[in-house]
Amino acid sequence: MHVSVHLRRFLWWVSWIITGIGVLISFISLPPVIAGLISLALAVTSYLLSKIGFTVSIFHIAPMPSPRVIEAKLGSLWALDKDDEGEEKTYFGQVFKTKAAALEAFRMLRAWNFERYIDEEGNITLRVIRNELDRYTVMLYPGERGIRERHDEAARLKYGSKTLTKVTDLRFVFFTYADYWNRPQIKGIVEGLPKTSPVYLNCFYFDGQVPKPVSARFLRLAKAELVDLKDIHEGEMGFGLEWKDPWTGVDREERAKHERLFGDREMENPWSKAVT
């Protein structure tokens, strides 16, 4: 049996009151049968109170983007490159209208990974959902990263070993809806997940016609996955998600300004020398 931790003090007082009643009975002359029944009832109540555990409700919020970051996001970028040893690497990036928004977004991604550049625990998840007709939904969001276990440990240290936690987890998700019907190179990268893991992550902005990373050092992700929409079960991230046109909600002028910047030309990797 578990009750809210807010009742902890109340139960503490009840326990002391029961103890006081038991001491009082011992000083009062009562018939043995009545005294025995009362003592038995108090003993049972004390035993039940000793078995009660506590439940702590926790509302966990991962670092969230500012309105500027949300409004400035344009799309995503995929690329391949080879390191000095000739090993092929996969790169993924969120693209923004301005350098300031891209820098702020990158700082948030690092916060998701506890300020580290290498993610070894799945603190950031890159999930690509395969739809029909070479359409994909790309999702980037904080992983569960042992949130429940950490809160469990903290609650038990504070309230005792019988404490349970109920964690409500609020996480922001970057969505990108992509159509790779006529973009075989980028489709090939996506279809290579997760065999091509790890994936290197950055945030980009356009300097003229060229996408530029805001950080010379990329984040290295531990978790990148490709799943079919039909294989996602209720309760999983992306369940029931409908694919949308990538430019939904973008006005005509803004689309004309940026649409031409997205294409297979990204494969040339004009920024690859910045990768460390």
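The values are calculated or read from the model by the stated rules, or taken from the named source; none is laboratory data. Since the model is a prediction, treat every value here as computed from it, not as a measurement. As a convention, Cβ positions derive from the backbone with ideal geometry for all residues, glycine included, and neighbour counts pool all protein chains shown. Heads up: the accessible areas ignore ligands, DNA and RNA and are worked out on the full protein's heavy atoms, side chains in. Shrake-Rupley method; radii C 1.70, N 1.55, O 1.52, S 1.80 Å.
Figures for the structure shown
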item: Number of positions in the stretch 68-114 that are over 18 Å from Tyr177 (Cβ atoms), open to solvent by less than 60 Å² (accessible area, probe 1.4 Å) and part of a strand (DSSP E or B); result: 6
item: First in the stretch 225-252 and within 16 Å of Phe174 (Cβ to Cβ), second anywhere and in a loop (DSSP other than H, G, I, E, B), Cβ under 7 Å, 6 or more apart; result: Glu225/Leu193; Glu225/Pro194; Gly238/Ile232; Trp243/Asn131
item: Arg116 vs. criteria modelled with pLDDT of 95 or more and out of contact with any Phe, Trp or Tyr (no Cβ under 8 Å at 6 or more places or on another chain); result: no
item: Long-range neighbours under 6 Å by Cβ, at least six apart or interchain, first residue in contact (Cβ under 8 Å) with a residue 40 or more places away in the chain and of a type in the set (Ser, Thr, Tyr) within the stretch 197-215, second in a loop (DSSP other than H, G, I, E, B) and crowded, with 19+ Cβ neighbours inside 10 Å; result: Tyr200/Phe218
item: Checklist (1) among the acidic types (Asp, Glu); (2) at pLDDT 70 or above; (3) open to solvent by less than 40 Å² (accessible area, probe 1.4 Å) applied to Glu266, failing item; result: (2)
item: Residue that is surrounded by the fewest Cβ atoms within 10 Å (Cβ to Cβ), among those in the stretch 116-138 that are part of a loop (DSSP other than H, G, I, E, B) and within 15 Å of the chain's Cα centre (by Cα); result: Glu120
item: Lone qualifier among Lys212, Lys244, Lys230 - being in a helix (DSSP H, G or I), at pLDDT 80 or above and either of a type outside the set (Phe, Trp, Tyr) or surrounded by 15 or more Cβ atoms within 10 Å (Cβ to Cβ) (or both); result: Lys230
